[in-house]
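Below: one structure, written as structure tokens.
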Amino acid sequence: MEKKTILIKNAKIVNEGKVVEGDILIENEIIKEVSDSISAKFADVVVIDVEGNYVFPGVIDDQVHFREPGLTHKGNIETESRAAIAGGITSFIEMPNTNPQTTTVEKLEEKFEIAGNSSFANYSFMFGGTNDNLDEILKVDSKSVAGLKLFLGSSTGNMLVDDPKVLEKIFRSTDMVISVHCEDEATIRKNLQEYMDEYGEDIPIEKHPIIRSEEACYISSSRAIKLAKKTGARLHVFHLSTGKETNLFSNKIPLKDKKITSEVCIHHLWFSDEDYKTKGTHIKWNPAVKTASDRDQLWKALLDDRIDVIATDHAPHTLEEKNNVYTKAPSGGPLVQHALVAMIEMFHRGKITLPKIAEKMAHNPAILFQVEKRGYIKEGYFADLVVVDINNPWSVKKDNILYKCGWSPFEGNTFKSRITHTFLNGTLVYNNFKVLDVKAAKRLTFNR
């Protein structure tokens, strides 16, 4: 598609801690100018008047499972990236527990090829560590990939790294960001067995946060942090779910200087264990959604900058799979289409400011993973932009859900705000509630 010069007029620009009224000029893929007022100097400029709506930098989601290759009945890179674009997520980092797993350089390159052909959003991947692939980890060019992912508690795909010697070797051997899923396997297995002895396979879903308990999370995350401090590794702890864990992290230094960082996901900020009785296994995640008190403490740590990033951990399963009995219902759910509007809903409730949302969902993932020229509305940066109509309510229904799995934990929910436009690398890719059939996605690059 031929690139155009686009002028976005009358925007409330949400960027770098403030909201300012102004215009944005896009030339080819790049933000050429951000100013109070820009006039269309050339005849071929496409002017888009956003009429006082808010413009955010495109969201960078550092943790998604798009299920390709091998699990594509649940979702694939094309379907889930389309849903992401509709949700204002312009860049994603996808996880290695596909089938086959992304634990060799060859399998990593195959995923880049799939995304290059089919992704609607900018893309990168994490390389997966296992108990026996250190040689492959050492072959990975850290400039070409987002980072390394380790499962320190088994979740899906049997990628558990549970050999302490191997773990320490990995921590000492790589300069990549090591992102970890922290739940202590021994604690979970013991808890699960106790409830299976009592209930068999059909354990009440309310027991999920007791099986995958605060203790299981804390044992694992505190151990990972201790190892990172010992080895000097660059550690990022995914999806915090407990208040207790928030005390392991600091807000004393700027994010760019932190060696140990953390993230919280949409579902842990939105739901609590009180929701299991109505949502059932549809809100079964690993780590589990826990108490309202945990949720409050996660919010507190997010707002005081002990938690650095908001992500989705988007992980679709079919309804048929999710509707199984507890032990057979997989953990995970689809979130990319509704993540940004869910956080803006929290703005409406007085929980968070709009600049803080931009910081945690765009600026900080860019800083943390050293993503090149993205995550901000700045001259010289790629024009990844999201226009939000802050007062235009809509309800999540089957017929407007874009996930391949066709359902959402937010079904029936009414959001006050909606996304009206998404620009990707200077191209309008979503408009008037339709994903346009244009491919403008690029592979993420990193300043390393």
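The values are calculated or read from the model by the stated rules, or taken from the named source; none is laboratory data. Because the structure is predicted, anything quoted here is derived from the model rather than measured. All Cβ positions, even for glycine, are placed from backbone atoms using ideal geometry, and neighbour counts span all protein chains on display. Note: areas computed on protein heavy atoms with side chains; ligands, DNA, RNA excluded. Shrake-Rupley method; radii C 1.70, N 1.55, O 1.52, S 1.80 Å.
Side notes on the structure shown:
- Peptides 266-274, 388-396 ranked from most to least packed give 266-274, 388-396, packing being the mean of other C-beta atoms within 10 angstrom over each peptide's residues.
- Taking Cα atoms only, the orientation of helix 339-348 departs from the longest principal axis of the chain by about 80 degrees.
- Taking all protein chains as shown and a probe of 1.4 angstrom, ASP197 keeps an accessible surface of around 120 Å².
- Note on the range 175-250: Cα-only Rg and Dmax are 14.6, 46 Å.
- Convex hull volume of the Cα atoms of the range 258-338, normalised per residue: 102 Å³.
- The relative contact order of the chain, computed from alpha carbon pairs under 8 Å that lie at least 6 residues apart in sequence, is 21 percent.
- Within-11-Å neighbourhood charge of ASP49 [Cβ basis; K, R +1; D, E -1]: -1
- Computed from the Cβ-Cβ distance with R0 of 25 Å, the FRET efficiency linking GLU185 to ASN99 stands at 0.75.
- The label-point distance for ASN28 and ASP135, in a model that sets each label 7 Å from Cα toward Cβ, rounds to 4.3 nm.
- Each residue, LYS378 and LYS328, gets one label point 7 Å from its Cα in the Cβ direction; the gap between the two is 5.2 nm.
- If only the Cβ of Lys and Arg carry +1 and only the Cβ of Asp and Glu carry -1, the dipole of the chain around its Cα centre is close to 700 debye.
- Accessible carbon and sulfur surface of the range 75-201 relative to its total accessible area, %, 1.4 Å: 45 percent
- Applying 1/(1 + (r/R0)^6) with r as the Cβ-Cβ distance of LEU255 and HIS73 and R0 = 56 angstrom yields a FRET efficiency of 0.90.
- Computed extension length for ASN391-VAL47: 121.6 nm, one decimal, from 0.36 nm per residue of separation with the Cα-Cα distance subtracted.
- Cα shape, the range 196-342, gyration tensor, a/c 1.5 rule: prolate
- Extension gain for THR445 to ASP162 (0.36 nm times residue separation, less C-alpha to C-alpha distance): 98.8 nm.
- Nonlocal amide H pairs with ASN15, under 5 Å, H built at 1.01 Å: VAL20
- For ASN53, distant residues with modelled amide H under 5 Å away: LYS12
- At a probe radius of 1.4 angstrom, the accessible area of the chain per residue rounds to 38 square angstrom.
- Using a cut-off of 25 Å between Cα atoms, the listed pairs LYS277/LYS397; LYS149/LYS256; LYS143/LYS256; LYS397/LYS442; LYS143/LYS290 include LYS397/LYS442; LYS143/LYS290 as exceeding that distance.
- Two-site FRET efficiency, VAL438 against THR353, from Cβ-Cβ distance with R₀ of 30 Å, rounded to 0.05: 0.35
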